[in-house]
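The values are calculated or read from the model by the stated rules, or taken from the named source; none is laboratory data. This one's a predicted model, so the numbers in the text were calculated from it and none came from an experiment. Glycine gets a Cβ as well: all are built from the backbone with ideal geometry, and neighbour counts include every protein chain shown. Accessible surface is based on the protein model in full, side chains and every heavy atom, while ligands, DNA and RNA are left aside. Shrake-Rupley method; radii C 1.70, N 1.55, O 1.52, S 1.80 Å.
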Amino acid sequence: MYQLIAFDMDGTLLTSQKTIAKSSIAAIDRAHAAGKQVALSTGRSLSELGLYKKDLQGIRYAVLASGALIYDLEMKQTLAEQTLPAVVVDKVKALAEAHDLMVVGMINGQGYLQRSHFENIANYYMEIYTELYDETAVLVDNICDLLAKERENFGKINIYHLTADERDQSYEVLLSEDIAMIKSEVSGLELTARGVEKGQGLAHLAQYLQLPMEQIIAVGDADNDESMIREAGLGIAMGNANESIKGLADVIVADNDHDGCAQAIDEFLLEEKYKNKE
């Protein structure tokens with residue numbers, strides 16, 4: 001019945017140690033052997049997949065930057081791309097100039113952040129991503145200069161604050177803008193253009209592959225996965241998902257540290273009784 005399964009990364013395909021479990025890699029191989037597709041649907045930029053290049057070799061298509069970029073990893077080809085309104089980028093720049101924020105901007109699949117913010121990444125509750133940014137991000141001297149220079153070219157912007165309360169204040173400031181906005185991590189906001197969400201990105205990929213959404217499974221754990229879990233023919237929540245996503249999903253599998261992704265592939269994409277096949 002189902003032909004494609006799309007996985008979120010952080011909290012889903014990635015374990016709490018930010019690795020891809022061997023059981024997940026083996027299950028992806030089983031899916032491909034059965035003629036099924038496995039895709040990514042993540043808030044990450046294309047550049048941020050670099051740490052997992054070897055483990056992701058079996059995955060061809062990716063919905064990236066929360067739907068702002070649809071990409072063919074095998075052909076290294078952009079299938080679709082949407083950018084934030086320049087006036088919103090200007091407003092983010094004004095916020096960054098007025099407050100102590102860490103801004104991560106994504107342009108044409110590449111992530112950028114300010115060097116001084118990276119050096120103090122723990123202040124923004126993002127220290128678990130230190131290796132990721134060190135290996136894949138372009139560090140700039142002044143993020144506001146980049147926001148000004150590339151104001152029309154940002155597919156996605158993430159803003160990280162010193163406190164959750166400060167995040168909520170930025171949320172209120174940006175609420176009237178023509179954007180999609182999701183609260184993430186401890187103190188983060190994820191910004192994309194209006195209508196650009198994982199669900200929309202997954203629907204675009206489905207159309208490209210000529211698959212009805214009824215034949216697609218979406219697997220996630222957090223608020224930015226809501227749209228794709230709603231849009232997919234089958235929405236699956238990880239065992240570690242927040243209560244909102246669990247309530248929305250059709251089924252719940254094991255958590256990201258206990259083979260939940262392999263279970264999703266075997267039981268629902270391949271329709272086999274799940275066993276730990278490592």
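Would region 222-241 turn up any residue that is farther than 30 Å from residue 121 by Cβ and crowded, with 24+ Cβ neighbours inside 10 Å?
Yes, that holds for at least one residue.
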query: Residues 143, 107, 157: which one is touching a Gly at 6+ places or on another chain (Cβ under 6 Å) and under 20 Å from residue 46 (Cβ atoms)?
result: 157
task: Please report, ordered by residue number, the helices (runs of 4 or more DSSP H) entirely within region 168-278 with at least 3 residues that are closer than 30 Å to residue 86 by Cβ, assigned by the TED database to the domain that holds residue 13 and modelled with pLDDT of 95 or more.
output: 198-209, 226-231
Matching residues in region 9-20 - criterion: being open to solvent by 10 Å² or more (accessible area, probe 1.4 Å) and in contact with a helix residue (DSSP H, G or I) (Cβ under 7 Å, 6 or more places away or on another chain): 18, 20
message: Out of the residues in region 34-89 meeting the condition of being within 23 Å of residue 231 (Cα to Cα), of a type in the set (Gly, Ala, Ser) and not in a helix (DSSP H, G or I), tell me which one is most open to solvent (accessible area, probe 1.4 Å).
response: 35
task: For region 146-194, enumerate the residues that are open to solvent by less than 50 Å² (accessible area, probe 1.4 Å) and of a type in the set (Phe, Trp, Tyr).
output: 154, 160
message: I'd like to check something: does region 91-102 contain any residue that is open to solvent by less than 40 Å² (accessible area, probe 1.4 Å), touching a Leu at 6+ places or on another chain (Cβ under 9 Å), part of a loop (DSSP other than H, G, I, E, B) and over 29 Å from residue 252 (Cβ atoms)?
response: yes
query: Residues in region 109-124: is at least one open to solvent by 20 Å² or more (accessible area, probe 1.4 Å), within 20 Å of residue 8 (Cα to Cα) and either among the charged types (D, E, K, R) or outside the structural domain of residue 205 (by the TED database) (or both)?
result: yes
